[in-house]
Structures are given as structure tokens and as C-alpha cells.
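Report on one structure; see the data block that follows.
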Amino acid sequence: MHSIKLSSLMVLAAGTLLLWSSVSLAYDDMREVEDSSPQAVVGGMSNKFARGMANTTTGWLELPKQIYVTYHEEGPVQGILIGPLKGIGMMLARTLAGVGEVATFFAPTPGFYDPFMEPDYVWQEE
């Protein structure tokens with residue numbers, strides 16, 4: 001009985017330690033404007049603006065991309081029937097994300113000028 005409690009306690013302690021270390025590592029990776037050089041801040045702003053412009057102007061490419069991806073992953077019937085619906089949804093999402101990034105390029109959100117959606121661009125693999 002004591003060995004079960006002891007092993008449970010050890011598993012709980014190990015899990016807590018693992019969670020605590022992963023949270024501290026994630027916090028170490030977070031960058032803030034106050035801790036960054038002016039070049040890093042301007043680079044983040046310009047990357048966010050350029051990414052937003054690219055996604056605003058190429059968001060329509062999600063339509064053929066999603067048809068193609070759905071066709072090859074799920075088959076021709078789903079590619080023809082479901083692919084366009086996915087494409088329209090992703091086209092709207094990517095275009096609006098691009099507009100949002102252009103409108104807020106000066107703000108270090110989310111994260112340190114991180115993209116609003118993944119992948120960063122329509123031509124990248126998911």
C-alpha cells in the first residue's frame with residue numbers, strides 16, 4: 001500500500017517538475033519590445049507588415065490549395081465537394097488575418113510580432 005502511494009507521489013512530483021520546467025523554458029523564449037534592440041523591433045514590424053500584405057493579396061489562393069490538398073488527402077469526391085468549402089473558409093480567414101496584421105503591424109501582438117495564423121503564408125505546407 002505504501003509503495004503505491006510512494007510511486008504515485010513520485011509520478012506527481014516528476015510531472016510537476018516537468019510542467020514547471022517547460023513553462024520556464026517557454027517564458028525564456030518570449031521576447032518583449034523593452035528587452036529587444038531597435039533593429040529587432042523594426043525587423044519584427046516590417047516582417048509583420050510584409051506578411052500581412054502578402055496574406056491580404058494572396059488569400060484567394062487558399063481556394064485552389066484546399067481543393068488540391070483535400071483531393072489528395074481524402075479523395076476526389078471530397079476534393080470536389082468539400083475542398084471548395086474549406087477553400088472559401090480559409091480564404092476569408094487568411095485575408096482577414098492579413099488585414100489584421102497590416103492594421104496592427106506596429107503592435108508586438110500576438111507574441112513578438114508573431115503571425116496571426118499558421119502557416120505564415122499560403123504557399124507553405126501546413
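The values are calculated or read from the model by the stated rules, or taken from the named source; none is laboratory data. Only a predicted model underlies this, so the values are computations on that prediction, with no experimental measurement involved. No Cβ is skipped: glycine too gets one built from the backbone with ideal geometry, and neighbour counts run over all protein chains shown.
Here are the numbers for this structure:
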| read-out | value |
| --- | --- |
| Residue check, Glu101 crowded, with 16+ Cβ neighbours inside 10 Å and of a type in the set (Asp, Glu) | yes |
| Wholly enclosed helices (runs of 4 or more DSSP H) of the stretch 54-126 bearing at least 1 residues touching a helix residue (DSSP H, G or I) at 6+ places or on another chain (Cβ under 9 Å) and within 30 Å of Val33 (Cβ to Cβ) | 83-103 |
| Sole exception among (1) at pLDDT 95 or above; (2) touching a Gly at 6+ places or on another chain (Cβ under 8 Å); (3) farther than 17 Å from Asp120 by Cβ for Glu73, by number | (2) |
